[in-house]
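The values are calculated or read from the model by the stated rules, or taken from the named source; none is laboratory data. Keep in mind that what you see is a predicted model, and the values were worked out from it rather than measured. Cβ sites come from the backbone with ideal geometry, for glycine too, and all protein chains shown count toward neighbours. With ligands, DNA and RNA removed, areas are computed over all heavy atoms of the protein, side chains included. Shrake-Rupley method; radii C 1.70, N 1.55, O 1.52, S 1.80 Å.
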Amino acid sequence: MVLKALPKPYISIRDFYREFHYGLHLAAHKNIVTTHDVAFETAGFYVFSQEYAPLGDLTSNVSETGIGELHSKRVARQLAAALEHIHSRDLVHRDVKLDNVLVFKSDFSRVKLCDFGETRRAGTLVTRRNEWLPYSPPEVLITATDETYKAETSHDVWQFGIVVFVCLTGCLPWQKAAFDDPRYTRYLHWHGSSQVLMPVRKPKLFKLVSARAQRCLRKFLEPRADKRPQRLTELPRYLEDRWLAKSSLDRQSEMSYEDDGLCPSMYSFHSSAEEKNKLLSTLVEYGIETTVDRSAKKDRIRQWIQSSVIEEDEEEEEVGPPGGVPRRLKNTSMEGSSTGTAGTDSRSASA
């Protein structure tokens, strides 16, 4: 299992309960990560337990040319099933991206959606914060920071389209869906063209996928929010079609002409072995050890848990989210160091 530690300075008890509650509520689906009914509190963190994904997330599994057609279809089918499960309960995930799709088998026959920290009821007014730009739909990006917009299931549909595109090509289609991004404006021009009276040049990266896959992506990556599908019910009609248009050799040739590439190294060192090794070499040069002793890591986590001294109040307070099962949280204090087990960016520690 993994322990997900949420730092108290950055998250309220209400937000913690919301994420924990949705995790428990939605985990019945086979393509949604299992959240265990285990939660506790330390001096600095709220913590709950989830199942462990041995192969990490999609970010660390996508190469510079993607994961291939067969594997992309497997990811698309399973991710769509998970989102349909969420949408059928009138919820919006709001954070569908490669980092939140966990991989359990190397052939991608088992992937699961995770992280429900941003999940809200459909139609709820939410405040625009620091959304991850490459995945945000255009109607969210035109909302000013700290202003509100309505959470819609069509936002998940847009993000689903971005994930599938990266799986097929290994690259993001654009940096952000805004008019100051040349790749997006090129896509807008192509998307709005009928291709009959005045053919418009196809965006370079979209040439890597077949005509049927282009039609599918254009449907899910519809710039007009009122025209975009609210659900992914139409995906099955495209799954039997060919999705990639060119061989890997042709793809490499096509990519060599990209002068403004947004390939894996743009969004994660984990996705590019060359970038990762370069970074590790630099760290070693400065005497920073980067090899993880997994046995020692597990011992540290075990000691961290065992060294926690639980100080119970005279009367524990029953608290819980509206409509959810109340959980007991005990006040705790930490003795010793918890180095290596939790961080301020909410990273999970495996045990």
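For the range 28-110, the fraction of C-alpha pairs farther apart than 22 angstrom is 34 percent.
For residue 38, the amide hydrogen comes within under 5 Å of the amide hydrogens of 49, counting only partners 5 or more places away or on other chains and with H modelled in the peptide plane.
Over all distinct Cα-Cα pairs of the range 1-52, the Kirkwood formula returns a hydrodynamic radius of 11.2 Å. Solvent-accessible area per residue in the range 1-98 equals 38 Å², computed with a 1.4 angstrom probe and all protein chains kept. Computed from the C-beta positions of residue 36 and residue 77, the FRET efficiency with R₀ = 25 Å rounds to 0.45. Give me the net charge of residue 179's neighbourhood, meaning all other residues with Cβ under 15 Å from the Cβ of residue 179; Lys, Arg count +1, Asp, Glu -1. Summing Lys/Arg as +1 and Asp/Glu as -1 gives +1.
Ligands, DNA and RNA left out, the accessible area of the range 105-240 computed with a 1.4 Å probe is 50% carbon and sulfur. Over all other residues within a Cβ to Cβ distance under 13 Å of residue 113, the charged ones net out to -2, with Lys and Arg as +1 and Asp and Glu as -1. Legend: translational diffusion of the range 97-223 by Stokes-Einstein, Rh = Kirkwood radius over C-alpha pairs, 25 °C, 0.890 mPa s; D = 153 µm²/s.
Under the shape rule built on the C-alpha gyration tensor, where the axes satisfy a ≥ b ≥ c, the range 150-229 is rounded, since a/c falls short of 1.5. Estimated from the Cβ-Cβ distance and a Förster radius of 25 angstrom, the FRET efficiency linking residue 104 and residue 283 is about 0.25.
Residue 142 contributes an accessible area of around 140 Å² to the protein surface, as traced by a 1.4 Å probe with all chains present. The simple Förster model, with R0 at 22 Å and r as the Cβ-Cβ distance, assigns residue 13 and residue 52 a FRET efficiency of 0.25. Going 7 Å from the Cα of residue 227 toward and past its Cβ, which residues in the range 136-176 have a backbone nitrogen under 15 Å from where you end up? Only 138-139 fall inside the zone, counting backbone N under 15 Å. Annotated for the range 106-223: lysine pairs at least 8 residues apart or interchain, Cα distance under 19 Å, count 6.
Sites listed here are chymotrypsin sites (Phe, Trp or Tyr not before Pro) in the range 129-198 whose DSSP assignment is loop and whose Cβ has at most 16 other Cβ atoms within 10 Å: 132, 179.
Please report, as a whole percent, how much of the solvent-accessible surface of the range 16-66 comes from carbon and sulfur atoms (probe radius 1.4 Å). Carbon and sulfur together cover 51 percent of it.
Pairs over the 25 Å Cα-Cα cut-off, from the set 105/298; 97/297; 73/97; 4/105: 97/297.
Dipole orientation for the range 6-125: of the candidates 108, 52, 40, 108 has the Cα lying most toward the positive pole (charges on Cβ; Lys, Arg +1; Asp, Glu -1).
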